[in-house]
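Q: To start, I am sharing the structure in question, which I have written as structure tokens.
The values are calculated or read from the model by the stated rules, or taken from the named source; none is laboratory data. Note that the structure is a prediction, hence the values are computed from the model and not measured. For neighbour counting, all protein chains shown are included, and Cβ atoms are generated from backbone atoms with ideal geometry for every residue, glycine included.
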Amino acid sequence: MGMTRMMSWLAGILLFAVAALLFVRTANGQMALYIHPRYEVLMYGCGAVLFALAIICITMPIPMPRHSIQFLLIPVLFGLGIAPRALGADAIGHQSTALNQIAQRPQSAVANVSAVDTTQWNIYEWAVAASIDPLALKGKPVQIDGFVVRNSDMQLADNQFMLARYVLTCCVADAGGVGMHVQWANSASYHSDQWVRVEGVIDLYDVNGVMQPLVIAHTVAQITAPPKPYLVLQK
Amino acid sequence: MTTLVQQIRSGVMTLCTIAACGVVVVANRWLPVSADIITKTDLFIAIFLGILYEALPFLTAGALISAAIHQFLDPQWLAQRLPKSRWLVAFIGALLGFFLPICECGSIPAARSLVYRGAPVSLGVAFAVAAPVINPIVFISTSVAFAGVFGWSFVLWRFGLTVIIAVLTAIMMPKLIVVPSSTSELADNHTHADDEIPFLVWLRHALGDLLDMLRYVIIGASLAAMIQVIVPNTLILQLASNVWLAIPAAMLLAAVMSICSTVDAFVALSLVGSFSPVALMAFLVFGPIIDFKSIPMFAAVFGWRPIPQFVATIAVLTIVLCSAIWRLGWV
């Protein structure tokens, strides 16, 4: 077997592996751990084209650009070798673009607090509402899901933890953590990355002269992590 | 002899790649390394694969378009129809993206094919710079995100500034040379049988372009992921409060994030609370042109030597033009 043919075969196998990764990860929902779900259709389309190109590579060998095999190996090895994991509490210090820095903009869904069922809001919607008018939120009922963050540098009280979610616009590169402080007597029994559902009411507390919402929990129940753990913007 | 040395070198590089990635995988899954290292490798791999997965469909589309240009565009037809003025040619190149709606992953290989098929370099440069923004998808996403926040003038300035920067870059860097891809040369040297199906020839061209550009996207995605892990975005955001540093900080953040231009307006929207409008304009103008994913791709097309000047030219033009429209009160 000539060198050109062998390299072309290898490239074909690697392209096939990338196409298979796109198909399988999209079909089983794990692609949502990397990119916005709006790209799922594109993943299938791209996988089909890569599959066709892999067949071309194998049946009609072409000379490969220099080092293309080595570069193709990197995503294949990382994609296959490391199980997809959602970003968690440890990464929140790195990926906190949106952490409590939500844009102050009109959001019809959250602007009229008195007219909506606030138990339907997720953490991001609470954060947006808090950036518009935190005082209007006091006493409102809450039911939110998220993972627990108990980092030592957060200076939380013993009876508090942060409940957080990541918000995605494009891909993991722009993921930002959004969190709310929760007050619960047994906070210490929950560890970071544990998914919980919190039910309670909103109270406010002063942070350097700015009122921030605090969830006074009535119940905290452990739940399984959702298959699509990121909140996504602009569906 | 040379071929044998190249084969040995290629084999050694393949083994090194497998060993390096293998060490990361094994350490991440089985070795008792510190939690901080696992967090950082997890984050690196998640960001790397996120950028790569998101870029792949656009890169593949770009390779197909690039191959179509290479195969079907007649150089003489193009030469006869383009005006002689460099300014006008650059302006046409800057607006061409509206008819080829692709982001930077697609526009850079397509620009190379255009030049390789006889288009002036100034047209290729202006197209590569402007196409990620000057396309209908970006117009819709920017309008949806910002028309209601900062008004239509903000939306239109994004496109206006991009066209101005694309034209000026093409004019200010007349000595740029487009390096043909190794696969173009290979494809041209390869004799096609008369009865070879044009569809298969097109796919083979696309395959060559894809494998050629994929190398640079992988380098860029690795760099972007590494920098995001080493320098948290929160550090860059701290610079945003300084009026003098806000514009460069927004440009740096855009370069580090390396996100697709089709949705960067929504990412910018989430930064409204952190950055001033003019800094966000810099984010939206600079980011689609220059980021850690596109720099190696530009280097594949122009060679590495002119890249520092190319990046600096676009950075200075972005800062000067954004500052100008801010001082004039237009944003």
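Q: Select from segment B:136-172 the residues that are without any contact (Cβ under 8 Å) to a residue 60 or more places away in the chain and assigned to a loop (DSSP other than H, G, I, E, B) and list them in ascending order.
A: B:Ala147, B:Gly148, B:Gly151
Q: Select, from A:Ala188, A:Ala173, A:Ala164, the only residue that is surrounded by fewer than 16 Cβ atoms within 10 Å (Cβ to Cβ) and not in a loop (DSSP other than H, G, I, E, B).
A: Unique residue meeting the criteria: A:Ala188.
Q: Restricting to segment B:242-294, and then to whatever is free of Cβ contacts under 8 Å to residues at least 60 places away in the same chain and among the aromatic types (Phe, Trp, Tyr), can you tell me which residue is nearest to B:Gly62 (Cα to Cα)?
A: Applying the filter and picking the extreme gives B:Phe286.
Q: Let me ask something else. Assess whether B:Pro306 counts as being touching a Lys or Arg at 6+ places or on another chain (Cβ under 8 Å) and more than 14 Å from chain A (Cβ to nearest Cβ).
A: The answer is yes for B:Pro306.
Q: Answer yes if at least one residue in segment B:235-249 is more than 9 Å from every other protein chain (Cβ to nearest Cβ), closer than 30 Å to A:Ala19 by Cβ and in contact with a helix residue (DSSP H, G or I) (Cβ under 6 Å, 6 or more places away or on another chain), and no otherwise.
A: no
Q: Among the residues of segment A:21-50 satisfying the criterion of being within 27 Å of A:Arg5 (Cβ to Cβ) and of a type in the set (A, V, I, L, M, F, W, C), which is farthest from the other protein chains (Cβ to nearest Cβ)?
A: By that ranking, first place goes to A:Phe23.
Q: Let me ask something else about it. Out of A:Gln120, A:Gln155, A:Gln143, which single residue is away from chain B (no Cβ under 12 Å), touching an Asp or Glu at 6+ places or on another chain (Cβ under 7 Å) and surrounded by fewer than 22 Cβ atoms within 10 Å (Cβ to Cβ)?
A: Residue meeting the stated conditions: A:Gln143.
Q: Hey, another quick one. Under the condition of being within 18 Å of the chain's Cα centre (by Cα) and outside any helix (DSSP H, G or I), which residue from segment B:69-102 is farthest from B:Val263 (Cα to Cα)?
A: Across segment B:69-102, the extreme among qualifying residues is B:Leu100.
Q: Checking the conditions here, which among A:Gln183, A:Gln194 is of a type outside the set (Phe, Trp, Tyr), touching a strand residue (DSSP E or B) at 6+ places or on another chain (Cβ under 8 Å), over 30 Å from B:Ala254 (Cα atoms) and free of Cβ contacts under 8 Å to residues at least 40 places away in the same chain?
A: A:Gln183
Q: Go through segment A:204-235 and report how many residues are of a type in the set (A, V, I, L, M), within 14 Å of chain B (Cβ to nearest Cβ) and not in a strand (DSSP E or B).
A: Residues in segment A:204-235 being of a type in the set (A, V, I, L, M), within 14 Å of chain B (Cβ to nearest Cβ) and not in a strand (DSSP E or B): 1 in total.
Q: Which of (1) surrounded by fewer than 22 Cβ atoms within 10 Å (Cβ to Cβ); (2) touching a residue at least 40 places away in the same chain (Cβ under 8 Å) is the odd one out, the single condition A:Leu72 does not satisfy?
A: All conditions are met except number (1).
Q: I'd like to know if segment B:37-45 contains one or more residues that are touching a residue at least 60 places away in the same chain (Cβ under 8 Å), closer than 30 Å to B:Val231 by Cβ and at the interface with chain A (Cβ under 7 Å from one of its Cβ atoms).
A: Within segment B:37-45, one or more residues are touching a residue at least 60 places away in the same chain (Cβ under 8 Å), closer than 30 Å to B:Val231 by Cβ and at the interface with chain A (Cβ under 7 Å from one of its Cβ atoms).
Q: Still on this model: Checking B:Thr262 against (1) in contact with a Cys (Cβ under 9 Å, 6 or more places away or on another chain); (2) more than 14 Å from chain A (Cβ to nearest Cβ); (3) of a type in the set (S, T, N, Q): exactly one of these is not met. Which one?
A: Single failed check for B:Thr262: (2).
Q: Within segment A:66-76, is even one residue in contact with a Ser or Thr (Cβ under 6 Å, 6 or more places away or on another chain), at pLDDT 90 or above and under 20 Å from B:Ala46 (Cα atoms)?
A: yes
Q: Could you list, in sequence order, the residues of segment A:51-79 that are more than 7 Å from chain B (Cβ to nearest Cβ), farther than 21 Å from B:Ser10 by Cβ and in contact with a helix residue (DSSP H, G or I) (Cβ under 6 Å, 6 or more places away or on another chain)?
A: Passing the criteria: only A:Phe51.
Q: A follow-up question, please. With B:Thr169, B:Thr162 as the choices, which residue is away from every other protein chain (no Cβ under 14 Å), at pLDDT 95 or above and buried (at least 24 other Cβ atoms within 10 Å of the Cβ)?
A: From the options B:Thr169, B:Thr162, the qualifying one is B:Thr162.
Q: Turning to a different aspect of this structure: Out of A:Ala83, A:Ala27, A:Ala54, which single residue is buried (at least 16 other Cβ atoms within 10 Å of the Cβ) and either in contact with a Cys (Cβ under 8 Å, 6 or more places away or on another chain) or aliphatic (A, V, I, L, M) (or both)?
A: A:Ala54
Q: Among the numbered criteria (1) under 20 Å from the mean Cα position of the chain (by Cα); (2) modelled with pLDDT under 90; (3) at the interface with another protein chain (Cβ under 9 Å from one of its Cβ atoms), which one does B:Ile227 miss?
A: (3)
Q: Still on this model: Return yes or no: is B:Ser66 modelled with pLDDT of 90 or more, polar (S, T, N, Q) and assigned to a helix (DSSP H, G or I)?
A: no
Q: Within segment B:79-128, can you find the residues that are of a type outside the set (A, V, I, L, M, F, W, C), surrounded by fewer than 24 Cβ atoms within 10 Å (Cβ to Cβ) and without any contact (Cβ under 8 Å) to a residue 60 or more places away in the chain?
A: Within segment B:79-128, B:Gln80, B:Arg81, B:Pro83, B:Lys84, B:Ser85, B:Pro101, B:Arg117, B:Gly118, B:Pro120 qualify.
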